[in-house]
Amino acid sequence: MATIKRIGVLTGGGDCPGLNAVIRAVTKTAINEYGVEVVGFRDGFKGLVENDYVPLDLRAVSGIAHLGGTILGTTNRDNPFNFHRVINGQDHFSDRSQEAIANMEKLGLGGLVVIGGDGSLNIAYRFYQMGVPVVGVPKTIDNDLSATDITFGFYTAVTTASEALDKLHTTAESHHRVMILEVMGRYAGWIALYAGLSGGADVILIPEIPYHIEAVVKKIRQRHQQTKKFSIIVVAEGAAPVGGEMVVQKLVPTSHDPIRLGGIGNQLAEQIEEITGIETRVTVLGHLQRGGQPIPYDRILATRYGVAATENLIEGNVGVMVSLQGTRITTVPLQEAVKEIRKVPLDSDMIRAAKAVGISFGAE
Ligand code: F6P
């Protein structure tokens with residue numbers, strides 16, 4: 001194996017608290033442990049295609065572990081295998097993966113750390129199949145990557161949503177209202193489930209359990225009559241009623257995942273108000289869940305991932321994603337990591353616990 005002198009790192013997909021902690025860990029491990037140089041590509045795979053990069057030294061990554069966002073920038077649109085550009089007002093798509101590989105060769109890169117969710121890791125896997133030494137780091141607030149127990153950023157998003165629920169509680173109680181909090185998560189209900197359990201929701205609606213509006217209303221009425229005259233509902237953006245569809249907010253045709261969900265909260269509020277006559281308000285938490293400082297858990301997980309990714313890349317264990325299994329950091333083949341998204345299992349003890357403390361999933 002040729003000795004590696006320099007590696008690259010990039011952040012792809014939607015941003016997420018903890019990205020900077022990974023970039024810092026990758027850079028410090030490469031320099032301190034192996035004497036290997038690091039370059040960071042700007043705006044994810046776009047930087048790789050356009051050879052837009054910045055050298056990362058110890059000074060560049062000093063003092064960033066606690067910062068949200070990514071110092072490298074990111075995008076959830078640019079795919080080197082189907083690269084979008086507007087030429088004379090027209091959309092053009094072309095495969096520019098060979099240019100990306102040529103750029104890596106010109107820079108003398110011995111490998112690439114890709115910090116991303118399923119979209120970016122799929123791209124990373126395709127590069128690996130073309131001979132590029134790649135190690136992936138699982139990132140997403142949605143926590144929907146299979147082959148790892150937890151993605152970094154998830155618990156920070158849960159903390160933000162849980163704090164929002166604490167605040168909604170006091171105003172809901174004062175006004176005797178139903179308050180709906182719509183959270184992100186795409187096609188999985190992890191954020192809704194964890195935030196709802198932590199924030200004392202009365203109803204949690206997730207994509208994995210299609211709901212009956214009658215069951216939601218029954219829970220609200222029960223509370224109104226027996227305990228408190230307000231209710232808190234957490235709804236995942238991907239939740240849908242039995243026999244109904246997810247609500248699509250918009251389509252982003254240039255993205256490798258073009259569907260943007262959103263709007264189920266308002267739909268639900270109208271129905272609840274109409275059936276019960278109780279004033280119902282909606283808060284869409286949106287990108288607040290992705291912004292701001294990572295909580296300590298995510299800084300630590302991100303650092304452990306970054307260190308492990310660099311060690312594996314430089315020591316030649318490539319085509320893998322670093323993964324948390326139980327309390328251990330290990331690696332799994334990238335192919336496994338991108339096979340399917342991870343949904344909340346219906347027999348999850350989280351669902352059992354939520355039901356035991358009286359939370360309704362709108363199913364019964
Ligand atoms: O995957 C992260 C995520 O925040 C999802 O929860 C959400 O559906 C999507 O990204 C939003 O994407 P955008 O930032 O393009 O609106």
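Of all residues in region 225-241, those that are over 13 Å from Glu208 (Cβ atoms) have Cβ atoms under 6 Å from Cβ atoms of residues that are among the hydroxyl-bearing types (Ser, Thr, Tyr), 6 or more apart or on another chain, in Pro241/Tyr211. Take region 179-194 and flag every residue that is within 15 Å of the ligand (Cβ to nearest atom) and either under 13 Å from Thr283 (Cα atoms) or surrounded by fewer than 22 Cβ atoms within 10 Å (Cβ to Cβ) (or both). If the condition is that a residue be within 15 Å of the ligand (Cβ to nearest atom) and either under 13 Å from Thr283 (Cα atoms) or surrounded by fewer than 22 Cβ atoms within 10 Å (Cβ to Cβ) (or both), then Leu181, Glu182, Val183, Met184, Tyr187 are the ones that fit.
Within region 141-178, if we keep just the residues that are part of a loop (DSSP other than H, G, I, E, B) and crowded, with 20+ Cβ neighbours inside 10 Å, the residue that is farthest from the ligand (Cβ to nearest atom) turns out to be Ala147. Within region 266-300, the only residue that satisfies the criterion of being surrounded by fewer than 16 Cβ atoms within 10 Å (Cβ to Cβ), under 30 Å from Gln222 (Cα atoms) and among the hydrophobic types (A, V, I, L, M, F, W, C) is Ile275.
A quick yes/no check of all residues on (1) outside any loop (DSSP other than H, G, I, E, B); (2) within 14 Å of the ligand (Cβ to nearest atom); (3) not assigned by TED's automatic domain parsing to the domain that holds Tyr34:
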{"residue": "Ala269", "(1), (2), (3)": "yes, no, yes"}
{"residue": "Thr283", "(1), (2), (3)": "yes, no, yes"}
{"residue": "Leu301", "(1), (2), (3)": "yes, no, no"}
{"residue": "Asn312", "(1), (2), (3)": "yes, no, no"}
{"residue": "Gly316", "(1), (2), (3)": "no, no, no"}
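Scanning region 29-40 for residues that are crowded, with 20+ Cβ neighbours inside 10 Å and either within 20 Å of the chain's Cα centre (by Cα) or in a helix (DSSP H, G or I) (or both) yields a count of 2.
Would you check if there is a residue in region 68-88 being in contact (Cβ under 8 Å) with a residue 12 or more places away in the chain, farther than 22 Å from Val54 by Cβ and of a type in the set (D, E, K, R)? Checked region 68-88: no residue is in contact (Cβ under 8 Å) with a residue 12 or more places away in the chain, farther than 22 Å from Val54 by Cβ and of a type in the set (D, E, K, R).
Among the residues of this structure, Thr70 counts as one that is modelled with pLDDT of 95 or more, under 20 Å from the mean Cα position of the chain (by Cα) and within 16 Å of the ligand (Cβ to nearest atom). Candidates are the residues of region 1-28 that are touching a strand residue (DSSP E or B) at 6+ places or on another chain (Cβ under 6 Å) and part of a loop (DSSP other than H, G, I, E, B); the one that is nearest to Asn317 (Cα to Cα) is Gly12.
The values are calculated or read from the model by the stated rules, or taken from the named source; none is laboratory data. These numbers come from a predicted model, not from an experiment. Backbone-built Cβ (ideal geometry, glycine too); neighbour counts: all protein chains shown.
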